[in-house]
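Chemist: Attaching a single structure in structure tokens format; questions to follow.
Every number here is computed from the coordinates shown, using simple stated rules; none is lab data. This structure is a prediction, so every number in the text was calculated from the model and none was measured. Here the Cβ is made from the backbone with ideal geometry for all residues, glycine too, and neighbour counts use every protein chain on show.
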Ligand SMILES: C[S@@+](CC[C@H](N)C(=O)[O-])C[C@H]1O[C@@H](n2cnc3c(N)ncnc32)[C@H](O)[C@@H]1O
């Protein structure tokens, strides 16, 4: 897998444990922990609301991280594949998924800008917390479109702009985020207009657009 390294790439490689612990609710007690836990709970509930109610066969989790969503989805689908550009994150994903009863998952080291699957493979694709950091959200969405079936669904998140959390995207905010929440600075935050244009440019139809805590857009899109 070849691509230019960005700051956040090195973060996902070197801080995979902190990130994985954070998402498992482990790193600290007290207020930061409660904030993160609450945010993640609301995010997961929104994801579940946006996923198709009808049966899903093949799911792709792009930028699967520590595999929390794959674990959630595995029991209700035929297969779930996860790709991530950080080998370290994939190690943690493997640990998360090994604890899952169903063995219908696979993990692949790959970049989201060149998804290693043939066209029309997945009827559901999720990309949570990914478009924030990739070099080109447009190219990643093009790849998602390519590997999605004609009647498939994409559920993705993207940082929202403006947001009451915009302060956390300033240089001072970035160091607070890194120090307390173990998260790198985001590269892309978008307004509603920018988001709709982005998805429309790729050929997606946004069917639901909602947000979590005014921090993050959550999009359900179809072709
Ligand atoms: C904020 S984490 C989100 C993880 C998971 N989707 C979740 O919501 O818990 C971002 C993940 O995207 C991965 N990532 C970042 N850029 C990527 C790229 N270009 N291709 C594939 N994965 C990427 C990182 O390694 C990291 O695991």
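Chemist: Compute the label zone of residue 201 within the stretch 102-116: residues whose backbone N is under 15 Å from the point 7 Å along Cα-to-Cβ.
Modeler: none
Chemist: Over the stretch 107-223, what is the relative contact order in percent, taking alpha-carbon pairs closer than 8 angstrom and at least six residues apart? It would help to have the intermediate numbers written out before the result.
Modeler: On the way: 193 pairs, mean separation 33.8, N = 117.
The value is 29 percent.
Chemist: Report the label-to-label distance for residue 91 and residue 78 in nanometres (one decimal), using points 7 Å from each Cα along the Cα→Cβ vector.
Modeler: So the two model labels end up 3.5 nm from each other.
Chemist: Given R₀ = 30 Å, what would the calculated FRET efficiency be for residue 194 paired with residue 33, taking r from the Cβ atoms and rounding to 0.05?
Modeler: Values: r = 33 Å, r/R0 = 1.08.
Calculated value: 0.40.
Chemist: Can you give the helix-only mean residue ellipticity at 222 nm for the chain, where every DSSP H stretch with n ≥ 4 adds -39500 (n - 2.57) and the sum goes over all residues, rounded to the nearest 500 deg cm²/dmol? Don't jump to the answer; show the numbers that get you there.
Modeler: Numbers: 8 runs with 82 residues, N = 223.
One gets -11000 deg cm²/dmol as the mean residue ellipticity at 222 nm.
Chemist: Now for a separate question. Quote to one decimal, in nm, the extra length available between residue 214 and residue 41 on full extension: 0.36 nm per residue of separation minus the C-alpha distance between them. Intermediate values should be presented prior to the final figure.
Modeler: On the way: separation 173, 0.36 × 173 = 62.28 nm, distance 1.48 nm.
Here the answer is 60.8 nm.
Chemist: If you don't mind, there's one more thing I want to ask. Take the Cβ-Cβ distance between residue 114 and residue 164 as r, set R0 to 41 Å, and report the resulting FRET efficiency rounded to the nearest 0.05.
Modeler: Details: r = 36 Å, r/R0 = 0.87.
According to the calculation, E is roughly 0.70.
Chemist: Can you tell me the relative contact order of the chain? Whole percent, Cα pairs under 8 Å, sequence separation 6 or more. Don't skip to the answer; put the middle values down first.
Modeler: Values: 408 pairs, mean separation 42.9, N = 223.
Computed value for the chain: 19 percent relative contact order.
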